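Novice: Next up is a structure, given as structure tokens.
The values are calculated or read from the model by the stated rules, or taken from the named source; none is laboratory data. Everything quoted here is computed from the prediction, not taken from an experiment. No Cβ is skipped: glycine too gets one built from the backbone with ideal geometry, and neighbour counts run over all protein chains shown. Side chains included, ligands, DNA and RNA excluded: accessible areas come from the protein's heavy atoms. Shrake-Rupley method; radii C 1.70, N 1.55, O 1.52, S 1.80 Å.
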Amino acid sequence: MIFTSSTFVFSFLPAVFIIFLAVSRLKFKGASIYFLICASLFFYGWTDWRLLGLLLGSILFNYALGLRLSARPDTLRLGAGIAVNLGLLLWFKYAGVFIAIAARLGFNSPVEEVMFPLAISFFTFRQISYLVDINNKMSPPPSFTDYLFEISFFPCLIAGPLIRHLEIAPQLKAGAPRPSWEDFAVGSTLFTIGLVKKVILSETMMVYSDKVFESATYFDQISFVTAWVGALAYGLQIYFDFSGYSDMAIGVARIFGITLPLNFNSPYKSGSMVEFWQRWHMTLTRFFTTYLYNPIVMALTRRRARQGLGTSPRDLARPWPFLAITASTTMFIMTLMGVWHGNNALFAVFGAVHGLYLVVNRAWRIVHKAVFRVKSGALDAVGGVAGHALTLLAVTAAWGIFRAASPDAALRMMSGMAGLNGLYLPEGFGIRLGMLAEPFKAVGWRFGAPPDSHVYPTLTQLGQICALLGVTLFLPNSQEWLGRFAPALTFKESSVPGWLRRVQWRPGALSGVTVAIVFVVSLVLIHVNRQTSFVYFQF
């Protein structure tokens, strides 16, 4: 059951909300929490009820271990618990690869197929963070009911956000959540915005990007323009797909009086790759940074310190030892993050490419700080524009690897982006240019039908892509639009520009009618069109 399915929108969500309101009026303490737990388990078991055993078993194991660690912190016991969690994740996620390899080598496996449990990555990571936080005495252990609710709460169960115990625990101190009409207005508006992003914007981009990548899979050549426009279309597809999902998850939780952390914050507005990963899938980046990157860097730094070698990041005279540590760790973590997306080798390449981006970005910061010691407003402005442009180009190029169905398809996309398959523009464009077309021809451009003319972008498609790119770059995002009502835990209203604060969303008759109309139109599109699952649901 996904958020854009008719079953969820027309049946599950309204039924759960109505019953939740009725149950919350009962005098039985915690009745609404118990009901939300049951609803969440029903939501998870909808696809395959057999998966409930794995989810509940994982919750029982980690809660019991958390109690032990709370009473007596133990690094070895913590490590064993993390190993068990990761072992289950690796088995269910990658056992199929090893079984296939064994079959090719002539070995008979007693297990023919391993079922991939929905959301196992997300509830595993959330419980690992819980164990580490409890072992570090960052918060007391919750009651079992609260813990079961935290892990299974259906808005963030399938694909995040990756919430931490210390973010939800304060909201449950007073018992069951008690949503207000303001919560309902904010939540339903966020849900509707997310619905539009997925049903209309993301699906529109998917139609074209799928054609380009299918062509890269089955045909020999993808030309320069087609490769870049196709990769950009996919970048917009996954942008609105994940942005829409994040809005819907936060919105549904807010309807029930729970505020989740921000998970997506206009990443295409980033001026560097470091900033991009601070804005894209923010809670996943936080998890890898907090529980992997920082401990590894600290351990390596202490080791070098014991050897008498300087590694201070503030030592600009000798920054390279620290840069070597952070660079190697970054490459490892980002490759690991790529592998997390799936057992396709291209995911590992995608992660390594982004790791290289981050290493170059941090090295440039050191060089820039050492060379340009005096600040210049003009240079900073030019550098800011260049940084935004380079970041968008680098991210778009990497999407060509991420989306490709095979290594050969990825090579065709990369060859096309590099211009190795020809630089083509429509013949009519060359005729309109007249003599001005000569400079284009001089640098290798050809006017005529490209080898991939069946997927060459039309003016309408180019217009749609440019319009949606403008939306991502220049318009406020949904969190900024609803900023005065604190839609997410980690959102800072101070980041909202002054002009936007004067026109921010407010609950009222006009906004209510507008949201209702948009919601109904989206429901009609859900009913008429075949909707696909969210991209991140497969991870």
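Novice: To the nearest 10 degrees, how steeply does helix 51-71 sit against the main Cα axis of the chain, on a 0 to 90 scale?
Specialist: Approximately 70 degrees, to the nearest ten.
Novice: What does the C-alpha gyration tensor say about the overall shape of the range 380-493? Classify as rounded when a/c is under 1.5, otherwise prolate if a/b is larger than b/c, or oblate.
Specialist: prolate
Novice: Which FRET efficiency, nearest 0.05, do residue 420 and residue 289 yield, Cβ-Cβ r, R0 35 Å?
Specialist: 0.45
Novice: Relative to the present Cα-Cα distance, how much length would full extension add between residue 442 and residue 145 at 0.36 nm per residue of separation?
Specialist: Separation in residues times 0.36 nm, less the Cα-Cα distance, equals 99.8 nm.
Novice: With a probe of 1.4 Å, find how much accessible area the chain has per residue, and write the answer as a whole number in Å².
Specialist: 48
Novice: Working from Cα positions, state the angle (0 to 90°, nearest 10) between the long axis of helix 75-104 and the longest principal axis of the chain.
Specialist: 50
Novice: Multiply the residue gap between residue 182 and residue 500 by 0.36 nm, knock off their C-alpha separation, and tell me the result in nm, one decimal place.
Specialist: Using 0.36 nm per residue and subtracting the Cα-Cα distance, I get 112.4 nm.
Novice: In degrees, nearest 10, range 0 to 90: what is the angle between the Cα axis of helix 224-255 and the longest Cα principal axis of the chain?
Specialist: Compared with the principal axis, the helix lies near 20 degrees.
Novice: Can you compute the modelled spin-label distance between residue 435 and residue 218, with each label point 7 Å from Cα toward Cβ, in nm?
Specialist: 4.7
Novice: Right, another one. Put 466, 156 in order of accessible area, largest first, 1.4 Å probe: what do you get?
Specialist: Highest to lowest solvent-accessible surface, that is 466, 156.
Novice: For an R0 of 51 angstrom, estimate the FRET efficiency from the Cβ-Cβ distance between residue 34 and residue 471 and round to the nearest 0.05. Write down the numbers at each step before the final one.
Specialist: On the way: r = 42 Å, r/R0 = 0.82.
Computed FRET efficiency for residue 34 and residue 471 comes out at 0.75.
Novice: Report in % the part of the accessible area of the chain that belongs to carbon and sulfur, leaving out ligands and nucleic acids; probe 1.4 Å. Could you put the intermediate results ahead of the total?
Specialist: Details: 17110 of 25780 Å².
Of the solvent-accessible surface of the chain, carbon and sulfur hold 66 percent.
Novice: Right, another one. In nm, to one decimal, how far is the modelled label at residue 454 from the one at residue 324, with both set 7 Å along Cα→Cβ?
Specialist: 5.3
Novice: Over the chain, what is the mean sequence separation of C-alpha contacts under 8 Å (at least six apart), divided by residue count, expressed as relative contact order in percent?
Specialist: On the way: 661 pairs, mean separation 100.6, N = 539.
Relative CO of the chain lands at 19 percent.
Novice: Apply 1/(1 + (r/R0)^6) to the Cβ-Cβ distance of residue 274 and residue 509, taking R0 = 45 Å, and write down the FRET efficiency to the nearest 0.05.
Specialist: 0.55
Novice: Same structure again: Can you pull the one-decimal nm distance between simple spin-label points at residue 367 and residue 390, each 7 Å off the Cα toward Cβ?
Specialist: About 0.8 nm separates the two model spin labels.
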